[in-house]
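Undergrad: Below: one structure in structure tokens.
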Amino acid sequence: QLAQALSADSEYAPAYNVRGLVYMTLKEDGKAESDFRRSLSLDADNPDTHINYGWFLCQRGREKEAISHFLMAAKNPLYSTPEKGYLNAGICLKMAGQAQGAEKYLQRALLMHPEMPEALVQLAEMSFIAGDYAGASSYFMRFERATTVPMTAENLLLGVRIERGLGDTHAASVYARQLQEKFPDSREAQLLKQLR
């Protein structure tokens, strides 16, 4: 279907964006980058392409370039979810170990969308790593209220670790039990055994 779309209209920017994502998944980096660039050459302001290309660059260790694409999406007045640009910028810098920059962008995402679960859980984890267990717990409780999907094994393990950091063994055991019951074979369930 992509081939059909491109043969019907070789100037159709969204098709290059989607094909770029396919090549990215297949780890065909040269082709992915070429398609993302082609998409942007045809439609320079498309926020979805900027987000996708930014994520491609971030995963390849090109954080600085990635951030510029995320911010172009975030600052596009026609983009209906600009907070996603800031969220992606924050996650990208967090992955690169740049906690200060990451927090700045995640907070920007929350300013626009105060109950954004993805930003809240990232900030909970960063606060935990920084040793701010009270802050981590606050973000995590907000995340738990805001999320519309079931918690992952990773989320539940973070809950255990935050509550143990606070010394609340009862709350920690509630998360631990959920983790063992819902994800008994997960890597997180194995890590939980080592935490004891």
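The values are calculated or read from the model by the stated rules, or taken from the named source; none is laboratory data. This structure is a prediction, so every number in the text was calculated from the model and none was measured. So basically every Cβ, Gly included, is an ideal-geometry build from the backbone, and we count neighbours across all protein chains shown. Side chains included, ligands, DNA and RNA excluded: accessible areas come from the protein's heavy atoms. Shrake-Rupley method; radii C 1.70, N 1.55, O 1.52, S 1.80 Å.
Undergrad: Could you provide, to the nearest whole Å², the per residue accessible area of the chain with probe 1.4 Å? Intermediate values should be presented prior to the final figure.
TA: Values: 10710 Å² over 196 residues.
Ligands and nucleic acids excluded, the figure is 55 Å² per residue.
Undergrad: How long, wide and thick is the chain, going by the Cα atoms along their three principal axes, in whole angstroms, largest first?
TA: Answer, in whole Å and largest first: 61, 35, 28 Å.
Undergrad: Just reorder Thr148, Thr169, Thr81 by solvent-accessible area, largest first, 1.4 Å probe, all chains present.
TA: Numbers: Thr148 135, Thr169 105, Thr81 35 Å².
So, going from the largest accessible area down, we get Thr148, Thr169, Thr81.
Undergrad: Separate question: Using the Cα centre of the range 94-182 as the reference point, and only Cβ charges (+1 on K/R, -1 on D/E), how large is the resulting charge dipole? Debye, rounded to the nearest 20. Before the final figure, lay out each step's value.
TA: Numbers: 9 positive and 10 negative charges, 15 e Å.
With Lys and Arg at +1 and Asp and Glu at -1, about 80 debye.
Undergrad: Same structure, new question: Pick from Gly85, Gly165, Gly97: which residue has the top mean-square fluctuation in a GNM of the chain where Cα pairs under 10 Å get a spring?
TA: Most flexible of the set in this elastic network: Gly97.
Undergrad: Only four residue types carry charge here, +1 at the Cβ of Lys and Arg and -1 at the Cβ of Asp and Glu. Report the dipole size of the chain about the Cα centre in Debye, rounded to the nearest 20.
TA: So the magnitude is around 460 debye.
Undergrad: Could you list which residues have their amide H under 5 Å from that of Arg60, counting only those 5 or more apart in sequence or on another chain, with H placed in the peptide plane?
TA: Here nothing satisfies the definition.
Undergrad: Find which of Met112, Ser127, Phe143 sits farthest along the positive direction of the dipole of the chain, computed with +1 on the beta-carbon of Lys and Arg, -1 on that of Asp and Glu, about the Cα centre.
TA: Ser127
Undergrad: Which of the residue pairs Lys27/Lys84; Lys27/Lys193; Lys27/Lys182; Lys31/Lys94; Lys31/Lys64 have a Cα-Cα distance greater than 29 Å in the structure shown?
TA: From Lys27/Lys84; Lys27/Lys193; Lys27/Lys182; Lys31/Lys94; Lys31/Lys64, over 29 Å: Lys27/Lys193; Lys27/Lys182.
Undergrad: Moving on to the next point. What value, in deg cm²/dmol to 500, does the helix sum -39500 (n - 2.57) over DSSP H runs of n ≥ 4 give at 222 nm once divided by the residues of the chain?
TA: -24000 deg cm²/dmol
Undergrad: Taking the Cα centroid of the range 52-102 and of the range 129-149, what is the distance between the two, rounded to the nearest whole Å?
TA: 22
Undergrad: Picking from Leu106, Leu57, Leu42, which is most flexible by a Gaussian network model of the chain using Cα springs under 10 Å?
TA: Leu42
Undergrad: With a 1.4 Å probe and every protein chain kept in, tell me what percent of the accessible surface of the range 1-130 is carbon plus sulfur.
TA: About 53 percent, which is the carbon plus sulfur part of the accessible surface.
Undergrad: Of all GluC sites (Glu not before Pro) in the range 38-133, which ones are in loop regions per DSSP and have a Cβ with at most 13 other Cβ atoms within 10 Å?
TA: On the way: sites: Glu63, Glu65, Glu83, Glu103, Glu115, Glu118, Glu125; in loops: Glu115.
Hits after loop and neighbour filter: Glu115.
Undergrad: Could you check which residue among Ala89, Ala102, Ala15 shows the biggest mean-square fluctuation in a GNM of the chain with a 10 Å Cα cutoff?
TA: Ala15
Undergrad: Determine ³J(HN,Hα), in whole Hz, for all residues of the range 16-26 in sequence, where each value follows from phi through the Karplus function 6.51 cos²θ - 1.76 cosθ + 1.60 and θ = phi - 60°; x replaces Gly and Pro.
TA: Running phi through 6.51 cos²θ - 1.76 cosθ + 1.60 with θ = phi - 60° gives 5, 4, 5, 5, x, 5, 4, 5, 4, 5, 7 Hz.
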